[in-house]
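The values are calculated or read from the model by the stated rules, or taken from the named source; none is laboratory data. Just so it is clear, the model here is predicted, and its values are computed rather than measured. Here the Cβ positions follow ideal geometry from the backbone for every residue, glycine too, while neighbour counts run over all protein chains shown. In case anyone asks, the SASA skips ligands and DNA or RNA and just uses the protein heavy atoms, side chains included. Shrake-Rupley method; radii C 1.70, N 1.55, O 1.52, S 1.80 Å.
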Amino acid sequence: MADFQPVSTLSALREGQGITVFAAGRNVALFKIDGEVLALDGLCPHKGAPLGMGWCEDGVVACPMHGWRFMIRTGDCLDAPDRPATPLPVRINGQTIEVAL
């Protein structure tokens with residue numbers, strides 16, 4: 001069972017944008033989409049670019065390195081369906097964002 005770790009605060013996120021944080025020895029991409037906080041494994045499965053730095057639109061993030069597009073809620077890759085990103089469970093504890101790592 002994954003252990004929830006504090007990774008950031010709600011105030012660090014802006015609607016429709018992502019950030020990259022480092023927690024428990026790994027990169028985590030956090031997003032705020034339609035008021036909901038979502039997380040993906042922070043590294044693109046293609047070349048390891050930080051997904052949290054990608055361009056977001058309509059619930060999709062584009063990898064900043066090569067443009068692969070991922071559904072933020074599911075991790076599904078629109079450009080290479082066999083190479084999805086890994087979604088991570090999120091919970092909010094007061095003003096703290098916690099992610100299961």
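Taking the criterion of being closer than 10 Å to residue 7 by Cβ and assigned to a loop (DSSP other than H, G, I, E, B), the only residue of segment 17-35 that qualifies is 24.
Considering segment 37-92, the qualifying strands (runs of 3 or more DSSP E), each wholly inside and each with 1 or more residues that are open to solvent by 60 Å² or more (accessible area, probe 1.4 Å) and of a type in the set (D, E, K, R), run over 55-57, 69-71. Is it the case that residue 31 is surrounded by 13 or more Cβ atoms within 10 Å (Cβ to Cβ) and either in contact with a Ser or Thr (Cβ under 7 Å, 6 or more places away or on another chain) or without any contact (Cβ under 8 Å) to a residue 60 or more places away in the chain (or both)? Spelling it out, residue 31 is indeed surrounded by 13 or more Cβ atoms within 10 Å (Cβ to Cβ) and either in contact with a Ser or Thr (Cβ under 7 Å, 6 or more places away or on another chain) or without any contact (Cβ under 8 Å) to a residue 60 or more places away in the chain (or both).
Scanning segment 1-19 for residues that are open to solvent by less than 50 Å² (accessible area, probe 1.4 Å) and under 20 Å from residue 65 (Cβ atoms) yields 18, 19.
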